[in-house]
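**Q** Mind having a look at this structure? Questions to follow.
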Amino acid sequence: MDQFSDVKLTRRDLLIAGALSVSTAAVPGAHAQQAAPTADASTTPEPVTTGVTFTVNGKQVTLQLDTRTSLLDALREHLHLTGSKKGCDQGQCGACTVIMDGRRINSCLSLAVMHEGANITTIEGLGTPEKLHPMQAAFIKHDGYQCGYCTPGQICASVSVIEEIRQGIPSHVTADLNVKPLLSVEEIRERMSGNICRCGAYSNIIDAITEVGGVKA
């Protein structure tokens, strides 16, 4: 007789040896340990793409984009214009501000395909290191930045704010909607409230804007 013939293996022994398969229904929590089913790549639909043409910093460009691509991602990832920053990606910080058809917008909240034929200006299109835009020069003069992350959006917004006031567009603090608003510190503060500076350079930013706008702070 085999020397092992009188050995009785318990269920536990068989489990340890891997000789017995166990139904997951019999073991509490076992179903949670099973690997999640993987998606079949063949059934995943391809993203919908379309062509969009607009003018960026004076140059007409045509891009083939996923229809879900934000304007900010089109500028940064496809055109490599990385001056516009992705901060909150929710339209709350203003770091992604660009000028489109003369008006400032949060490019992170806007789909690129919405702007066929638009004229877009980013911080790169306002000026160059050799020939700064007056607002860029004023930010440098008045130390309107520290870390610099929000600065491109701050400058684009500042340029637009002055133009909005010159066009007579009212804000929340405009006292009389029938009278053209003044380029006052109060108006500037209200209009720039959507651009957050985590370093707290607000007073210097106001000084830069008021100098370019031709008023005293």
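The values are calculated or read from the model by the stated rules, or taken from the named source; none is laboratory data. Not measured: the values here are computed from a predicted model. When we count neighbours, we look across all protein chains shown, and the Cβ atoms used for this are built from the backbone with ideal geometry, even at glycine. Please note that ligands, DNA and RNA were not included when accessible areas were found on the heavy atoms of the full protein model with its side chains. Shrake-Rupley method; radii C 1.70, N 1.55, O 1.52, S 1.80 Å.
**Q** Is it true that SER158 is more than 19 Å from THR82 (Cβ to Cβ), surrounded by 14 or more Cβ atoms within 10 Å (Cβ to Cβ), touching a residue at least 24 places away in the same chain (Cβ under 8 Å) and not assigned by the TED database to the domain that holds ASN106?
**A** yes
**Q** Answer yes or no: is there a residue in segment 184-202 that is charged (D, E, K, R), touching a Leu at 6+ places or on another chain (Cβ under 6 Å) and within 20 Å of GLY94 (Cα to Cα). Before the answer, list the steps.
**A** In the first step, residues of segment 184-202 are kept if they are charged (D, E, K, R); the result is 186-187, 189-191, 198.
Subsequent filtering for residues that are touching a Leu at 6+ places or on another chain (Cβ under 6 Å) retains none.
No: zero hits.
**Q** (1) in contact (Cβ under 8 Å) with a residue 24 or more places away in the chain; (2) open to solvent by less than 50 Å² (accessible area, probe 1.4 Å); (3) assigned to a helix (DSSP H, G or I): which one isn't true of ILE206, the others all being true?
**A** All conditions pass for ILE206, except number (1).
**Q** In this structure, does GLY102 turn out to be small (Gly, Ala, Ser), outside the structural domain of ALA201 (by the TED database) and open to solvent by 40 Å² or more (accessible area, probe 1.4 Å)? Even if it seems obvious, please write down each step before you answer.
**A** Values: small (Gly, Ala, Ser): yes; outside the structural domain of ALA201 (by the TED database): yes; open to solvent by 40 Å² or more (accessible area, probe 1.4 Å): yes.
Here the answer is yes, as GLY102 does meet what is asked.
Yes/no matrix, rows are residues, columns are (1) in the same structural domain as VAL161 (by the TED database); (2) at pLDDT 95 or above; (3) crowded, with 19+ Cβ neighbours inside 10 Å:
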{"site": "LYS59", "(1), (2), (3)": "no, yes, no"}
{"site": "GLY91", "(1), (2), (3)": "no, no, no"}
{"site": "CYS108", "(1), (2), (3)": "no, yes, yes"}
{"site": "ILE120", "(1), (2), (3)": "no, yes, yes"}
{"site": "PRO134", "(1), (2), (3)": "yes, yes, no"}
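**Q** For segment 136-155: of the residues being among the β-branched types (Val, Ile, Thr) and open to solvent by less than 30 Å² (accessible area, probe 1.4 Å), which is farthest from ILE123 (Cα to Cα)?
**A** THR151
**Q** Go through segment 163-186 and give me each residue that's open to solvent by 10 Å² or more (accessible area, probe 1.4 Å) and not in a loop (DSSP other than H, G, I, E, B).
**A** GLU163, GLU164, ARG166, VAL185, GLU186
**Q** Related question: From the list SER160, SER193, exactly one residue is closer than 22 Å to LEU109 by Cα, in a helix (DSSP H, G or I), at pLDDT 95 or above and of a type outside the set (Lys, Arg). Which is it?
**A** It is SER160.
**Q** Here's something else I'd like to know. Inspect segment 103-116 for any residue being closer than 22 Å to ALA208 by Cα and of a type in the set (A, V, I, L, M) and give the result as yes or no.
**A** For segment 103-116, residues closer than 22 Å to ALA208 by Cα and of a type in the set (A, V, I, L, M): present.
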